[in-house]
1. Would segment A:277-287 turn up any residue that is surrounded by 24 or more Cβ atoms within 10 Å (Cβ to Cβ) and free of Cβ contacts under 8 Å to residues at least 60 places away in the same chain?
2. Go through (1) within 13 Å of chain B (Cβ to nearest Cβ); (2) not in a helix (DSSP H, G or I) for A:Leu164 and report which single condition fails.
3. Going by the conditions given, is B:Leu475 within 14 Å of chain A (Cβ to nearest Cβ) and either at pLDDT 90 or above or surrounded by 18 or more Cβ atoms within 10 Å (Cβ to Cβ) (or both)?
4. So, in segment B:404-435, exactly how many residues are farther than 17 Å from B:His317 by Cα and of a type outside the set (A, V, I, L, M, F, W, C)?
5. Of these, A:Ala424, A:Ala388, which one is part of a helix (DSSP H, G or I), farther than 13 Å from A:Glu338 by Cα and either among the hydroxyl-bearing types (Ser, Thr, Tyr) or at pLDDT 90 or above (or both)?
6. Cβ contacts < 8 Å: first residue over 17 Å from A:Leu144 (Cβ atoms), restricted to segment A:63-89; second residue among the basic types (Lys, Arg), any location; separation 6+ or different chain. Result?
7. Do you know which residues across segment A:391-419 are closer than 18 Å to A:Ala307 by Cβ and assigned to a helix (DSSP H, G or I)?
8. Would it be correct to say that A:Leu316 is more than 19 Å from A:Tyr456 (Cβ to Cβ), of a type outside the set (Lys, Arg) and touching a residue at least 24 places away in the same chain (Cβ under 8 Å)?
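The values are calculated or read from the model by the stated rules, or taken from the named source; none is laboratory data. Keep in mind it's a predicted model, so treat the numbers as computed, not measured. As a convention, Cβ positions derive from the backbone with ideal geometry for all residues, glycine included, and neighbour counts pool all protein chains shown.
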Amino acid sequence: MEEILTQTWLHPVSHSAFPVLTLLVLLPTVFAGIGLLIPGEHQWAHKALGFVGSLVVLVVALVVFGAVDTSIAGLQKVDDFSWIDAINARWTLGIDGLSLPYVLLTAGLVPLVYLGAFSTIDQRFKEFSMAMLVLETGMLGSLLATDLLAFYVFWEVMLVPMYLMVGIWGGKDRIYATVKFFIYTMFGSLLMLVAILYLYHKAGGSFRLTDLTALKLTDKEQLYLFGAFAVAFLIKVPAFPFHTWLPDAHTEAPTPGSVILAGVMLKLGIYGLLRFAIPLFPGAMGTLSWLFITLAVIGIVFGALMAYVQTDVKRLVAYSSVSHLGFVLLGIAVFNEEALQGAILQGVNHGLSTGALFFLVGFVYERAHTREIEDFGGIAKKMPVFAAFFVFVTLSSIALPLTNGFVGEFLIFAGAFKEGVQSAIIPPAAGGYMWRNVVLIGTGIGTLGIVLGAVYMLSVVRRVFFGELTNPHMQQLRDLSGRERFIAAVLCVFIVWIGVKPSGWLQLSEATVHAMVAPNRPQIQQMRSPADYQREQRAAMRLRAPAVEQ
Amino acid sequence: MLHDLALTAPLLILLFAAMFTLVVDPFLKADESARRFWGWFGAAFAGLALVTAALLFKFGPFEMQTPAFAYHLSASRYSLFFVALISMCTLVTHLASPKYMVEQGVSYGEYYALINFAAFGMACMVSAESLISLFISLEIMSMAIYVLVAFKRTSLASVEAGMKYFIMGAVGSALLLYGMAFIYGLSGSTTYVEIARALIKPQANGDFWLGLAMLLTGAAFLFKVAAAPFHMWAPDAYEGAPTPITGFMSSAVKAAGFAALLKFLFAAMAGPAMGELHTALPKIIATVAVFSMTVGNLLALTQKNVKRVLAYSSVAHAGYLLLGCVAWIADPTLAGYQQPTGAVPFYLVGYALASLAAFAALAAVGKNGEELTGEAQLIGMGRRHPYAGAVLALAMISLAGVPPTLGFFGKLQLVRDVLGVEDSKYLPHVVILVLNSVVSAYYYLRVTVYIYMRPEGRMPREYVRETSLDWAMGLTAAGILFIGALPGRAMQLGQSAVESLRTGVSVAHLAYEQLPLGPSQALQVRPPVENPAAQGSTEGQPGDQAAARPVPAREPAAKDAPAGIK
């Protein structure tokens, strides 16, 4: 295809009279600034400030949610101010169906994290609270910024608070884990920065996403630049083989850090691919689709197998993240409407269910001071409510129907099989069925991953909760407190809600996904399998032809 | 004369502060409060110099290079930008000093005078318009710094550092002088404008002699900014020097060195006369830059003392800055990149603030003649000294170039400008720079690990807060954060500084071309093209010119030079 299709879904459709998105992004930092002025001895003040502050942010996010029209694509409520004139960087924030679910997830999780942290973080709560609020600014900013420099700044702003959070409040090997996390992430994002600046010069000095997507790049340029972006995002996701920082960081992080890491930060890799990497370089995404599918499938299977052999519950949950995000990556690589809808929703689902799992593991760790599976056994007798919640979230994690995980994974696999089967029913042109084979085989193996997920999750449930209560230390375990039950219950409500009635949730991103597929899919399809592309074109012609005659 | 004095007002303020301190100090009682007074006094005058430079920058008629003292010094936005930066560094150094010097038992008034002398030397250096004034001001700065490095005379390490720095510095100065001699031989002049004009004509073996001159002067400059492979003195000098002076060296001396180097390259050596050398020069500098950053970062990884870590990190930053210089001089036509590149001045601001903050924080924890700068000695700093610990951690994060600190925006603009040269010709160098940043993140992070993440450790708790030191840390930290949040204004200032050097040089050349007289007479035009009619009138008063300056000696020298070299 010669002309570059315009990425209309990235253009602003409505501006906001009041800069509500700027408010949303900066509000947590404002609360952090207030916290800075209160001496650290007043722990209760910091707890109250952090919790109330994050609730206020949630309210603003809900107001934004109410004001966004999800039936149209394009960026809404856009704030566009000049920021650094000297290099033509702008402060551009906008929200659409792609960022909305994640904004709500972020704003919703942070108050819960505060509730959980009241008991987990017993020292230096002031510093913790400030790190968490700055982190929230970074996360919301990354989700809303559409100027690439602003996005990059927010993306990196997340780094330091998380580094401190793991490094100060983490477990035994926290320093190794946090430095590894920092260096990995920084490596990826600095390469992305070089790519951003390369594009900036190509565009004659602009960081605006719509200017950059309009550029004409050679295939080779696309491939290298996409590589730089993709490495940054795949490290964050994390996809095999860039995942090695994740088990360490997750395991060593304090519960609030793990929840935020799993719940939101990993999703930003997904978000970055969809918002930036693919619209900027659809052709390169097409060329590398087979690689994405391969990595996704390896991630699914490898993550599941690694999870199965872990002895530490938290590490197990961390590896399960690698596996689950493999599904999401598969959906992105397939890139049709069903798969993308599933991928976006599965991102939210993973945030809810893995977030809940990390909360629950944290609750039991606070009581038992161990996470080794061997140390437990039969604790359902002592902690029935905890066991019920854990089993429930496990079912969501292994994608049982009527839980959220089922909806997301079903959509991804439906989209993937559709892709493979569609390619198959159209008569072959020169070049054969390469893409179809990749999709079908990959999806087939990926489906196996769901079974593996059930294997490791159910086995951990059996070993931890059922059987004889042999360990004498476990005799004194108290069941969940009211606060802890509240946290788990809120997450479970959403798990069921999305599982039983997903239509409202899917509707959030429907229009945006539709508009996202329109310009990008043809280019991706053309590059990932020219033969398939021609075939698709011919089929489309054939379908259209009778209509024209009439 | 009054005109000259007005233009050099910030310099004179610094000089006055130095002299006043030196003269009055003997009459004061030699106690702690007197030293505190000199700290505040020096800071106040540095602040005054800063404000004066800023006012001149904003309101002065500096669309072009405005010469003073018969083309030996000049005031332009470029020089004033750096004078202001140097004054800022001086201010912070003064504030950071009193407590440290008292704790180390070497509190004397001369110390504050020497800081001001060094600042005066640097301010002259960035304003220099001729080889003579460049060399003299460089020596004023260096002599003061040698003494300051060795000022902890009770400490063997400090004296050794001063000695090493002095001997190596003397070699550097000798190289510079030797190189200058060749340049004089080729051009027959010591002022930048005349050198640039004289070098237009190709001369026999000109490339070779110019290359030799560039090699010698370049080595001397690299020595002064501590770029590899001329960085050997840096770790010892940085470690041995009193901590506030280490901060002063890595901020102000580096800024002055780069400012003078760029002015020298741009005003004197970047003419079209450089021929092949001119196309080679950016490549050579880029290679040295990459070498310097790699060597600095790799060696910093192995260090155990934070002062040494920061010394090697300053070698690495010299490499980054040299790569920034490439963006600047890569274009021989002076037309340059379509957007002016203010990366080097802006980066220097960020680097200066971060290293001043880091060394001020390190100065805060030294006690009873002992410095706590070993990495393991910092364990528990975050708890025992929350303020100093936070400032040090912030400085590390800024040096590592993580947003939203100033260090990130410096690196961003630098990479942007280097990538903008000729269709991303320097992309490989930029990638190496970025990988180096990742390596450097490791050792910067290691410092924060010791501050915050090790179990509560050995750092002693007794801690007397000193107001001036708190101000030093607060000002620099606020600078890192606030300029980091809104870097636009500072970037523009840096750009207008560079712009001013560009236009200043081309205007000077233009003014020169319009004159029918020989090169020497051009010196008497003042200001050069402010009033084009005035140029005609200078022609009519040859007597005045002859009286003002003994010029005839120059002409024969210019003719003899090539022959003399052969």
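1. Yes, the conditions are met somewhere in segment A:277-287.
2. (2)
3. So B:Leu475 does not fit the description; no.
4. Number of matching residues: 8.
5. After applying the criteria, what remains is A:Ala388.
6. A:Ser82/A:Arg90; A:Ile87/B:Arg416
7. Scanning segment A:391-419 gives A:Val391, A:Val393, A:Thr394, A:Leu395, A:Ser396, A:Ser397, A:Gly405, A:Glu409.
8. Spelling it out, it is not the case that A:Leu316 is more than 19 Å from A:Tyr456 (Cβ to Cβ), of a type outside the set (Lys, Arg) and touching a residue at least 24 places away in the same chain (Cβ under 8 Å).
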